[in-house]
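Trainee: Have a look at the structure that comes next, please.
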Amino acid sequence: AVAHIHTIEFQKRGLPHMHLLLILDQSSRPTTPLEVNSIVRAYWPNPDTEPRLFDIVKRCMVHGPCGALKPDAPCMSNGKCSKGFPKSYQWETVMTRDGYPVYARPNDGRSYEVRGFHADNRWIVPYNPYLSSRYNAHINVECVVSFAAAKYITKYTHKGPHLEKPPKLIWPNIGAMH
């Protein structure tokens, strides 16, 4: 990464939650579906070939239930999931003009019981297999392929009085900029 910006906020239950944007060198930025797929997945891992990752995704990376399955879920707003779940099926990753890829979520018939409902690929939160395996935790990974899409992180870095410290933009060899 040539730079990164992050902020830590405290969620409703008081737990710390970090938003991190890594700014990659131009030559390292994913610009094709194949490159995005090498970083981010939004579908079930194969339980036979990746059993540990499968267990982590099942425990940490499934959204829901919400919507008609649980209308009183915390993510619900005006009768809809505020996070957009369940997502639509998507056979392959597609690059969009707004800078966010639409990740592959194939309708491959795989569905597993999680928290009392059957979750298929439409309910999987995007993740990086290495990070999920390494940290055994919920780590939502998104590929932002345009500078305009980076506005996502700024809503968190400039959000309200709950911030303990102002966010830092870190440029290697230069240092922190507040």
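Quick note: the coordinates plus some simple rules give every number you see, no bench work behind them. In this text, all values refer to a predicted model and were calculated from it rather than measured experimentally. A quick note on method: Cβ atoms are made from the backbone with ideal geometry, for glycine too, and the neighbour counts reach across all protein chains shown.
Trainee: Pull out a ≥ b ≥ c, the square roots of the eigenvalues of the alpha-carbon gyration tensor of segment 1-117, then state rounded if a/c is under 1.5, prolate if not and a/b is larger than b/c, and oblate in the remaining case.
Mentor: In terms of gyration-tensor shape, oblate.
Trainee: Given N residues in segment 38-90, what is Rg(Cα) / (2.2 N^0.38 Å)?
Mentor: Computed over Cα atoms of segment 38-90, the ratio equals 1.35.
Trainee: Pairs on different chains or at least eight residues apart, Cα atoms closer than 17 Å: how many lysine pairs in segment 1-89 fit?
Mentor: So the count works out to 5.
Trainee: Taking amide hydrogens as modeled 1.01 Å from N in the peptide plane, which residues meet the under 5 Å criterion relative to residue 7, leaving out close sequence neighbours?
Mentor: HN-HN under 5 Å from residue 7: 19.
Trainee: With an 8 Å cut-off on Cα pairs and a minimum separation of 6 or more residues, tell me the relative contact order of segment 58-147 in percent.
Mentor: After rounding, I find 29 percent.
Trainee: Can you tell me the order of 41-47, 15-21 when each peptide is scored by its average per-residue count of other Cβ atoms within 10 angstrom, highest first?
Mentor: The packing order, highest mean first, is 41-47, 15-21.
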